[in-house]
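Following: one structure in structure tokens, then a few remarks.
The values are calculated or read from the model by the stated rules, or taken from the named source; none is laboratory data. What you see is a predicted model, and the numbers here were worked out from it, not measured in a lab. When we count neighbours, we look across all protein chains shown, and the Cβ atoms used for this are built from the backbone with ideal geometry, even at glycine.
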Amino acid sequence: MSEPIQRRPVILAAAGLVTLLAACGSQGIHQAAAHTTAASPAAAPAATPACLSQFTAWRAGGGLADLQAVTHALGHAARAAGASAAAGVSSASLMRLGTAAAALQAATQTAQADPAPACVPGLSTDEGTAMADLTQGAQGELDAIQAAQNGDIQTAGSDLVAAAGTINSAHAPMLAAVSDIQAFLATH
């Protein structure tokens, strides 16, 4: 299976999260803020108006933009990895992959610096796990590039395989983050 196909699920999950956040910025959040909910005691922490305000502020204040940047960087990294796999190891392919990996790492670190509000059950943990996996995977790609530049092609290859697996492991927490937001918004 090629690198871009392996990453497709995590890219789609990231895009789904961004789409959901963008959609909830239109009328859903504003309608939810206009009324109070009669939540059960177990759901009370997520159903507070303060939590809704925190979520709205996070989304509008950069959370959505951060996740859009991660999705864009992830797509760029997948294309660069696919091109490198197709073209073989060359200084040009290593440069493209390195640029894409560095951009992915920077985007995920920016998202980590502005985490989702902890009052939304599961969201902060799931988003944080996905961003950590993506950051670690991007670092693995950078390590592979360094190994290739040092002439250690075997290490570079195994580092790239490990990095792809780590990046792909972000898929489940990204989907969980989408579910966390959907469950949260359903209570409002």
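Overview of values
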{"item": "Filter pass, T166 being touching a Gly at 6+ places or on another chain (Cβ under 9 Å), outside any loop (DSSP other than H, G, I, E, B) and of a type in the set (V, I, T)", "result": "yes"}
{"item": "Residue match in the stretch 107-126 (condition: small (G, A, S) and in contact with a Phe, Trp or Tyr (Cβ under 8 Å, 6 or more places away or on another chain))", "result": "yes"}
{"item": "Of all residues in the stretch 91-108 being more than 22 Å from I153 (Cβ to Cβ) and hydrophobic (A, V, I, L, M, F, W, C), the one that is surrounded by the most Cβ atoms within 10 Å (Cβ to Cβ)", "result": "L104"}
{"item": "Criterion (at positive phi, surrounded by fewer than 20 Cβ atoms within 10 Å (Cβ to Cβ) and at pLDDT below 80) met by exactly one of G88, G62, G25", "result": "G88"}
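Residue-wise test of (1) at pLDDT below 90; (2) part of a helix (DSSP H, G or I); (3) farther than 22 Å from Q68 by Cβ; (4) not β-branched (V, I, T).
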site	(1), (2), (3), (4)
A101	no, yes, no, yes
Q105	no, yes, no, yes
P115	no, no, no, yes
C119	no, no, yes, yes
S124	no, yes, no, yes
E127	no, yes, no, yes
A156	yes, yes, yes, yes
